[in-house]
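Worksheet: one structure, shown below.
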Amino acid sequence: MDWVKASGGQLRGFEFKWGDKTASAPKAWLENYPDATFQCINRNNFMDFVRVNEMK
């Protein structure tokens with residue numbers, strides 16, 4: 001987990017990968033924060049991530 005963002009009462013976890021690799025949410029994250037979200041950011045979805053977070 002590279003970044004955790006708390007916004008509007010919700011936790012969002014992010015993992016950043018170089019290239020096209022993907023990652024799953026860590027088991028401890030899922031167990032301790034069952035209502036939180038997780039997203040892997042890589043070169044395939046990086047621009048969408050940047051655009052969405054510019055607006056917030």
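Candidates ASP35, ASP48, ASP20: the one that is touching a strand residue (DSSP E or B) at 6+ places or on another chain (Cβ under 8 Å), exposed (fewer than 15 other Cβ atoms within 10 Å of the Cβ) and either at pLDDT below 95 or not aliphatic (A, V, I, L, M) (or both) is ASP35. The set of residues from segment 23-32 being surrounded by fewer than 13 Cβ atoms within 10 Å (Cβ to Cβ) and assigned to a helix (DSSP H, G or I) comprises LYS27, ALA28, GLU31, ASN32. Among the residues of this structure, GLY13 does not count as one that is over 13 Å from the mean Cα position of the chain (by Cα), touching a residue at least 24 places away in the same chain (Cβ under 8 Å) and either surrounded by fewer than 12 Cβ atoms within 10 Å (Cβ to Cβ) or not in a helix (DSSP H, G or I) (or both). Of everything in segment 1-10 that's outside any strand (DSSP E or B) and surrounded by 11 or more Cβ atoms within 10 Å (Cβ to Cβ), which residue is modelled with the highest pLDDT? Going through the qualifying residues, I end up with ASP2.
The values are calculated or read from the model by the stated rules, or taken from the named source; none is laboratory data. All figures in this text were calculated on a predicted structure; none of them were measured in a lab. Positions of Cβ are generated from backbone atoms using ideal geometry, with glycine treated the same way; all protein chains shown enter the neighbour counts.
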